[in-house]
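**Q** Pasting a structure below so you can have a look.
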Amino acid sequence: MWYVYILRSIDFPDQEYTGSTADLKQRLAAHNAGKSTHTAKFAPWNLIWYCAFPDKHKALEFETYLKSHSGRAFAGKRLVQPNLDPGRPANGKTDSDSR
């Protein structure tokens, strides 16, 4: 089984990372231990979405798609919840916006 996953940085919540692996638990631990040059400076990470694929080829195809412009839009619309600022209500408006 192969997995495609999306991570979100805990300390930098605007940073997300998409990847694929055959061992999801080990890969997440490696990201959080700073063993990946692409994710080390934004560690630690939360796993916010994953999907299992029966073979590596399909997983890599979907990972490539999610890293494309249209794939990022799809993921943001259908796969992951937007990163909401804890200081703003869910509708995104503040009291000063209604004036």
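**Q** Quick check on region 53-68. Is at least one of its residues touching a residue at least 40 places away in the same chain (Cβ under 8 Å) and touching a Cys at 6+ places or on another chain (Cβ under 9 Å)?
**A** yes
**Q** Related question: Return yes or no: is K35 assigned to a loop (DSSP other than H, G, I, E, B), at pLDDT 95 or above and loosely packed, with under 13 Cβ neighbours inside 10 Å?
**A** Spelling it out, K35 is indeed assigned to a loop (DSSP other than H, G, I, E, B), at pLDDT 95 or above and loosely packed, with under 13 Cβ neighbours inside 10 Å.
**Q** Could you list, in sequence order, all residues of region 1-32 that are assigned to a strand (DSSP E or B) and either at pLDDT below 95 or of a type in the set (S, T, N, Q) (or both)?
**A** Initially, region 1-32 is screened for residues assigned to a strand (DSSP E or B), giving 2-9, 16-21.
Residues satisfying the conditions are S9, T18, S20, T21.
**Q** Among the residues of region 59-85, which ones are assigned to a loop (DSSP other than H, G, I, E, B), touching a Gly at 6+ places or on another chain (Cβ under 9 Å) and not charged (D, E, K, R)?
**A** The answer is P82, L84.
The values are calculated or read from the model by the stated rules, or taken from the named source; none is laboratory data. As the structure is a prediction and not an experimental result, all values here were calculated from the model. FYI the Cβ positions are ideal-geometry reconstructions off the backbone, even for glycines, and counts take in every protein chain you see.
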